[in-house]
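The values are calculated or read from the model by the stated rules, or taken from the named source; none is laboratory data. Since the model is a prediction, treat every value here as computed from it, not as a measurement. Cβ: placed from backbone, ideal geometry, glycine included. Neighbour counts: every protein chain shown. Side chains included, ligands, DNA and RNA excluded: accessible areas come from the protein's heavy atoms. Shrake-Rupley method; radii C 1.70, N 1.55, O 1.52, S 1.80 Å.
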There are 2 protein chains.
Amino acid sequence: MASSEKKLSIFALGGVGEIGKNMYVVQYADDIIVIDCGSKFPDVELPGIDIIVPDISYLIENRNKVKALVITHGHEDHIGGLPYILKQLNMPVYASKLTMGLIEGKLKEHGLLGSTERVLIHADSVLKFGTIVASFFKTNHSIPDSLGVVLDTPEGAVVHTGDFKFDQTPVNGQYADLHRMSDIGKKGVLALLSESTNAERPGFTPSEKSVGVNLEDVFRTARQRVIVSTFASNVHRLQQVIEAGIASNRKLVVIGRSMVNMITIASELGYLNIPDGMLIEPNEVNKYAADRIVILCTGSQGEPMSALTRMARSNHKQVEILPGDTVIISATPIPGNERNIGRTVDELFRLGAHVIYGSGTLTGMHVSGHASQEELKLMINLMRPKFFIPIHGEYRMLRQHSTLAQAVGVDPANIFIVDNGEVVEIQNGAARKRGKVPAGNTLIDGLGIGDVGNIVLRDRKHLSQDGILIVVVSISKQEGKILSGPDIISRGFVYVRESEGLLDDASRIVSNTINKLTHENENQWSTIKSNVKDALGRFLYERTRRKPMILPIIMEV
Amino acid sequence: MASSEKKLSIFALGGVGEIGKNMYVVQYADDIIVIDCGSKFPDVELPGIDIIVPDISYLIENRNKVKALVITHGHEDHIGGLPYILKQLNMPVYASKLTMGLIEGKLKEHGLLGSTERVLIHADSVLKFGTIVASFFKTNHSIPDSLGVVLDTPEGAVVHTGDFKFDQTPVNGQYADLHRMSDIGKKGVLALLSESTNAERPGFTPSEKSVGVNLEDVFRTARQRVIVSTFASNVHRLQQVIEAGIASNRKLVVIGRSMVNMITIASELGYLNIPDGMLIEPNEVNKYAADRIVILCTGSQGEPMSALTRMARSNHKQVEILPGDTVIISATPIPGNERNIGRTVDELFRLGAHVIYGSGTLTGMHVSGHASQEELKLMINLMRPKFFIPIHGEYRMLRQHSTLAQAVGVDPANIFIVDNGEVVEIQNGAARKRGKVPAGNTLIDGLGIGDVGNIVLRDRKHLSQDGILIVVVSISKQEGKILSGPDIISRGFVYVRESEGLLDDASRIVSNTINKLTHENENQWSTIKSNVKDALGRFLYERTRRKPMILPIIMEV
């Protein structure tokens, strides 16, 4: 891509064909704007990996052109990559107040606060980055201060929705700016990038306020303590828990590091309103009658180290679940977390709690922060884009979103479903796919950024399935015979004490293999090692139908 | 438990507090009847394990009292444990025709057909096992020939529902025997063991027939091939696919080992009706127009080696997905499988197929085989038991089932929610929990039954997270100094070529540690080893924040 040409390029470095790790790039000539910098969690295919962030080789290669990193909102799949990405490439970060508050917490933790240029923006900001002018519009989402982004380029306007829903009765009066969206659409949108998280879901997503009504009902009728577990970042939800607590005359206790952190930041920045005297310390909980207490905590996804999980397992230092407590899991299980959540619910029931859990649609205790099909169509109708690029979702969601766009009249030839790195190029009003820039997963393991590759992962998977056998033997070089060993050390294969017979036989196989080879005057260690590996592998598979990793260590003396 | 006493004992060896691995025991004096012998699949906590079956120590200890192993139906969570359990304890197996057909396939595979006594039963069988008389009743479930079990004991009747739903319009006229259930209830039921799989689900489970209507609609309107993926064991579903194929004049192709196997057995035994000439071989598929073909295959849960997954990845030998094909996933994702199913759906879309996927409730392409809340209440009302033991479910499901039982009038004091192994003892009409028999998971790994224990699993988990470092060093005994090494071998930790600096530093740490100790005349190998482990572990954690397993191999020469 000869980037100095006068043309517009749009591509994702993360976020299409996947959920999470969002990063989108809009480039006109020598001006690059990056939108979002997310992370995602690894699945079972990536054992030992802590977190995944986008591969930003393209940005590093074009570092002089990168004018801004604009963040749409403060969720991890939009800001979680920052500490790791900024260590590789220093970019000025643009974000709204709450989003920036959360970002600064991250940067501080990683010692990057001083070195990172931060620019606070709001819905009315207008910024000029070379040939590109950026402006914004307010949206509804499950975290306050979420913005959509408009990038006016010489080729036309590119709109990125960020994450959104249309909530007609938002909490705290945080209305989406329908009028500005309408104006943007009237002025003309060249390309719309719209999020596809709920593109498979028919209808409208219910208002966040519907949850508040249900919370208040439960709070009023609960005769003892109420414990609410939800996503810390859902500030509107937290506010509604506080309101329900006020209505039922309860004191508020906050448990869990990320919850305490969020409540502190959101209160300081004015996004959360807790009446004076309502918040008490966890150790004060027993000073109040059970029906005067609401506990707000982390753990709605059954995370093993979270507050709710610890309480459920009766090993939380400060709070004990008591018979008669009402526990509300104010979240819908994210696929993959059902087992951990189920285990937490089981333990809570065993402790005598009344538990409200399961799909938010059934319990009324959770609504999504993402637009359903009718809202996605509404967004497209408001923006009336010439070109449409569904983003933010697995391939099937992008496909469903494409179907929705066609249903409201977007020309199928003008819809681009892309993979990460795949470039949509627009010049003189015509768009086409043109090549790919490098894109992929950068794996974070401990302090290492991208140092765990396929071989290491393959080994980890192999080790986790059948363990490892280490065969240690020393051989006299002159005499060509075994001096000591073979000693066989097993980790994760069989427990030695219970498998002595097997390991004795294995040891004999190794001796025989080596003796045979040395008799034949074979003295290439690599040949001896590979023969030992093969013979032992065959023997073990025959006897156990398992294939441990085999590591021969042959020392010559 | 002094078992020769004249009292009734009821307990689970598997199936309560979990989904799967069902095995229930009813004992009166010296007569033991075992109901079901299931398996379940391991979760991520049990790396490398193939399958889990019940621990049957109690049965082995009381082998002379075991009169019969009665199987309610042919699903894996009821028959999957048979090959492994029968190797430990030979028991006569009682099952209905289709169930026995499936069992015999398993026994043949494991060379157990000759040594296992098999007794064919049907809904009208009455069998006497010492003091216990067994009879049966027909139920509806997602596999034909499902039975509930009545065990008449001197203390009273124990009823085990097996898996069931009440389907008012069953496929093939396989009606549940409401009248017999009614008679059993009228005669009086001492204890009801009823399944709890859907105890969290309100309402009634829809009829299997509702799926058939939707299948026919799609088959009629599909202009090209239709590919249906479902559970092989759901014979009613298979029949409905065949009916829809007949209605739209399509030839039938069957793909996938378990699907071919099931269709063969079910056809032979008369549970499936395929018109002559409808079934064709996979290699004949291209002889027919695309709208004359229906393909029935495995893979509805995105299983990596299944037919549908292979087709989606374009590496199935016989069938290629073509643009315009309609793929119906006639199943609801089982929690934990969403990711694999999602990936399959993505690939199918990429190949140009039209895919009908997701929750059966939304697509109309799947209904559950298990009773929802209203049906569970109906069963309790039919049986009117004195004592109620919810079975077959996680703890929260058992709790919900208990709530349902209370709602229809069962005395809460007469409801027993038990853990595996926990014994409910009934004597002179009074029931109480009394102690536990051994119960737990027997882990199958390859050919090993129960030889993988906690230490091996802990090591596998550790290895999968951060890999292993093996430190090899030889030391001169006389001179007390390092002769060769330390050599560091890494597997699953870091890739050596990219981490030479780190491993060089690690090697130096090891040398320094050993030299220091030998200078201090420390010559206990165990002390040297543990010092090397500690020093190296600290160093690596400091540098990488990872904690690989460290295995020092110190050879003295």
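Note on region A:162-175: among residues that are surrounded by fewer than 24 Cβ atoms within 10 Å (Cβ to Cβ) and in contact (Cβ under 8 Å) with a residue 40 or more places away in the chain, the one that is nearest to A:Gln240 (Cα to Cα) is A:Val171.
The set of residues in region A:379-400 that are of a type in the set (Val, Ile, Thr) and under 27 Å from B:Glu338 (Cβ atoms) comprises A:Ile389, A:Ile391. Counting only residues that are within 14 Å of B:Lys67 (Cα to Cα) and either open to solvent by less than 30 Å² (accessible area, probe 1.4 Å) or free of Cβ contacts under 8 Å to residues at least 12 places away in the same chain (or both), region B:128-143 holds 4 of them. Only one of the listed residues (B:Pro47, B:Pro42) is touching a Lys or Arg at 6+ places or on another chain (Cβ under 9 Å) and more than 19 Å from B:Thr153 (Cα to Cα). That residue is B:Pro47. When region B:32-48 is filtered for residues that are of a type outside the set (Phe, Trp, Tyr) and surrounded by fewer than 21 Cβ atoms within 10 Å (Cβ to Cβ), the ones remaining, listed by number, are B:Pro42, B:Asp43, B:Val44, B:Glu45, B:Leu46. Could you check, for region A:203-213, whether at least one of its residues is assigned to a helix (DSSP H, G or I), in contact with a strand residue (DSSP E or B) (Cβ under 8 Å, 6 or more places away or on another chain) and either under 16 Å from A:Leu296 (Cβ atoms) or among the hydroxyl-bearing types (Ser, Thr, Tyr) (or both)? Within region A:203-213 (the criterion being assigned to a helix (DSSP H, G or I), in contact with a strand residue (DSSP E or B) (Cβ under 8 Å, 6 or more places away or on another chain) and either under 16 Å from A:Leu296 (Cβ atoms) or among the hydroxyl-bearing types (Ser, Thr, Tyr) (or both)), the answer is no, since none of the residues qualifies. Could you tell me whether any residue of region A:23-31 is over 16 Å from A:Ser57 (Cα atoms) and either open to solvent by less than 10 Å² (accessible area, probe 1.4 Å) or not assigned by TED's automatic domain parsing to the domain that holds A:Lys436 (or both)? No: region A:23-31 contains no residue that is over 16 Å from A:Ser57 (Cα atoms) and either open to solvent by less than 10 Å² (accessible area, probe 1.4 Å) or not assigned by TED's automatic domain parsing to the domain that holds A:Lys436 (or both).
Yes or no: region A:55-65 includes at least one residue that is touching a helix residue (DSSP H, G or I) at 6+ places or on another chain (Cβ under 7 Å) and either among the hydroxyl-bearing types (Ser, Thr, Tyr) or open to solvent by less than 10 Å² (accessible area, probe 1.4 Å) (or both). Among the residues of region A:55-65, at least one is touching a helix residue (DSSP H, G or I) at 6+ places or on another chain (Cβ under 7 Å) and either among the hydroxyl-bearing types (Ser, Thr, Tyr) or open to solvent by less than 10 Å² (accessible area, probe 1.4 Å) (or both), which makes the answer yes.
Listed by position, the helices (runs of 4 or more DSSP H) contained in region A:320-427 that have at least 2 residues being open to solvent by less than 30 Å² (accessible area, probe 1.4 Å) are A:338-350, A:373-383, A:395-407. Out of B:Val355, B:Val367, report the one residue that is of a type outside the set (Ser, Thr, Tyr), under 20 Å from B:Ile321 (Cβ atoms) and either in contact with a Phe, Trp or Tyr (Cβ under 7 Å, 6 or more places away or on another chain) or modelled with pLDDT of 95 or more (or both). Residue meeting the stated conditions: B:Val355. Being within 29 Å of A:Lys547 (Cα to Cα), touching an Asp or Glu at 6+ places or on another chain (Cβ under 7 Å) and hydrophobic (A, V, I, L, M, F, W, C) is a condition met by no residue of region A:427-443.
Results for (1) in the same structural domain as A:Gly188 (by TED's automatic domain parsing); (2) over 17 Å from A:Asn198 (Cβ atoms), shown as yes or no for each residue.
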site	(1), (2)
A:Gly352	no, yes
A:Ser359	no, no
A:Leu378	yes, no
A:Val424	yes, yes
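Considering region A:234-270, and only residues there that are assigned to a helix (DSSP H, G or I) and touching a strand residue (DSSP E or B) at 6+ places or on another chain (Cβ under 8 Å), the residue that is most open to solvent (accessible area, probe 1.4 Å) turns out to be A:Val260.
Note on region A:1-57: residues that are of a type in the set (A, V, I, L, M, F, W, C), more than 14 Å from every other protein chain (Cβ to nearest Cβ) and within 25 Å of A:Arg432 (Cβ to Cβ) amount to 16. If you check B:Leu536 against the conditions, is it in contact (Cβ under 8 Å) with a residue 40 or more places away in the chain, closer than 28 Å to A:Pro47 by Cα and of a type outside the set (Lys, Arg)? For B:Leu536, the condition - in contact (Cβ under 8 Å) with a residue 40 or more places away in the chain, closer than 28 Å to A:Pro47 by Cα and of a type outside the set (Lys, Arg) - is met.
From the list B:Ser182, B:Ser125, pick out the single residue that is open to solvent by 10 Å² or more (accessible area, probe 1.4 Å), closer than 30 Å to B:Asn273 by Cα, small (Gly, Ala, Ser) and modelled with pLDDT of 95 or more.
Exactly one of B:Ser182, B:Ser125 is open to solvent by 10 Å² or more (accessible area, probe 1.4 Å), closer than 30 Å to B:Asn273 by Cα, small (Gly, Ala, Ser) and modelled with pLDDT of 95 or more, namely B:Ser125.
Taken over region A:482-506, the criterion of being out of contact with any strand residue (DSSP E or B) (no Cβ under 7 Å at 6 or more places or on another chain) and free of Cβ contacts under 8 Å to residues at least 40 places away in the same chain is satisfied by A:Tyr495, A:Arg497, A:Glu498, A:Ser499, A:Glu500, A:Gly501, A:Asp504, A:Asp505.
Within region B:292-308, the set of residues being assigned to a helix (DSSP H, G or I) and buried (at least 24 other Cβ atoms within 10 Å of the Cβ) comprises B:Ala307, B:Leu308. Would a scan of region B:226-233 turn up a residue that is surrounded by 23 or more Cβ atoms within 10 Å (Cβ to Cβ), in contact (Cβ under 8 Å) with a residue 60 or more places away in the chain, in the same structural domain as B:Leu398 (by TED's automatic domain parsing) and not in a loop (DSSP other than H, G, I, E, B)? No, region B:226-233 contains no residue that is surrounded by 23 or more Cβ atoms within 10 Å (Cβ to Cβ), in contact (Cβ under 8 Å) with a residue 60 or more places away in the chain, in the same structural domain as B:Leu398 (by TED's automatic domain parsing) and not in a loop (DSSP other than H, G, I, E, B).
So is B:Ala95 in the same structural domain as B:Val150 (by TED's automatic domain parsing) and either open to solvent by 40 Å² or more (accessible area, probe 1.4 Å) or more than 22 Å from B:His401 (Cβ to Cβ) (or both) or not? Yes, satisfied.
Filtered by the rule that a residue be free of Cβ contacts under 8 Å to residues at least 24 places away in the same chain and on the phi > 0 side of the Ramachandran plot, region B:408-423 gives a lone residue, B:Gly409.
Among all positions in region A:15-34, there is at least one residue which is part of a loop (DSSP other than H, G, I, E, B), in contact with a Phe, Trp or Tyr (Cβ under 6 Å, 6 or more places away or on another chain) and in contact (Cβ under 8 Å) with a residue 40 or more places away in the chain.
Cβ-Cβ distances below 8 Å connect the following pairs, each with a first residue in region B:356-367 that is more than 11 Å from every other protein chain (Cβ to nearest Cβ), a second residue that is open to solvent by less than 20 Å² (accessible area, probe 1.4 Å) and assigned to a helix (DSSP H, G or I), and a separation of six or more residues or different chains: B:Gly360/B:Val211; B:Gly364/B:Val211; B:Met365/B:Val211; B:Met365/B:Leu215; B:His366/B:Val211; B:His366/B:Gly360; B:Val367/B:Val211; B:Val367/B:Gly360. Reported count of residues in region A:5-22, each being surrounded by fewer than 24 Cβ atoms within 10 Å (Cβ to Cβ), under 22 Å from the mean Cα position of the chain (by Cα) and over 19 Å from A:Ile79 (Cβ atoms), is 1.
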